[in-house]
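Accompanying notes for the structure given below.
The values are calculated or read from the model by the stated rules, or taken from the named source; none is laboratory data. For clarity, every value in this text was computed on a predicted model and none was experimentally measured. Because the Cβ atoms are built from the backbone with ideal geometry, glycine has one as well, and the counts that use them run over all protein chains shown.
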Amino acid sequence: MTDAAPGASADLDRFVDGLDYPMFIVTTAHGTRRAGCLVGFATQASIDPPRLLVCLSVNNHTHHVAQRASTFAVHALASDQQDLAALLSSATGNKSGVVV
Ligand SMILES: Cc1cc2nc3c(=O)[nH]c(=O)nc-3n(C[C@H](O)[C@H](O)[C@H](O)COP(=O)(O)O)c2cc1C
């Protein structure tokens, strides 16, 4: 459910479809729990201090683990790593066997 104006979603889709922005994989771990997912909503948010803003959905397993973790890594994806992007965006939770 959204409060956006009628048609706003289609307008945004058209706008975003024309963009070519980078994709990232975020990985994190807490104890024996490991997690990772594809992230497109990320951007440098400050130069000094140096800050990278990464948006993680509360619905994602990765968010769950990250809340308890002390380590959080952001990996840049190359344009030929579409298989990895698809794998890390298509399932929640167990992605065992994936080596980033
Ligand atoms: C193009 C694309 C971009 C995405 N960007 C984000 C993002 O910025 N943040 C996020 O939390 N999920 C994003 N997702 C969704 C997660 O990658 C996806 O839900 C993933 O399976 C979550 O895995 P997890 O539940 O194991 O953490 C994106 C998915 C796609 C296809």
>> For segment 61-68, check the following and say yes or no: at least one residue is within 13 Å of the ligand (Cβ to nearest atom), more than 12 Å from the chain's Cα centre (by Cα) and under 20 Å from Tyr21 (Cα atoms).
In response: no
> For segment 61-84, does any single residue satisfy the condition of being surrounded by 11 or more Cβ atoms within 10 Å (Cβ to Cβ), at pLDDT below 95 and of a type in the set (Phe, Trp, Tyr)?
Replying inline: yes
>> When the residues of segment 75-92 are narrowed to those that are of a type outside the set (Gly, Ala, Ser) and within 16 Å of Thr62 (Cβ to Cβ), which ends up nearest to the ligand (Cβ to nearest atom)?
In response: Thr92
> Which condition breaks for Ala42 when tested against (1) free of Cβ contacts under 8 Å to residues at least 60 places away in the same chain; (2) near the ligand (Cβ under 8 Å from one of its atoms); (3) out of contact with any Phe, Trp or Tyr (no Cβ under 7 Å at 6 or more places or on another chain)?
Replying inline: (3)
> Is there any pair with a first residue in segment 9-33 that is closer than 22 Å to Ser79 by Cβ and in contact (Cβ under 8 Å) with a residue 60 or more places away in the chain and a second that is aliphatic (A, V, I, L, M) and assigned to a strand (DSSP E or B) whose Cβ atoms are under 8 Å apart and which are 6 or more apart or on different chains, and what are they?
Replying inline: Met23/Leu38; Met23/Val39; Ile25/Leu38; Ile25/Val39; Ile25/Val74; Thr27/Ala35; Thr27/Ala73
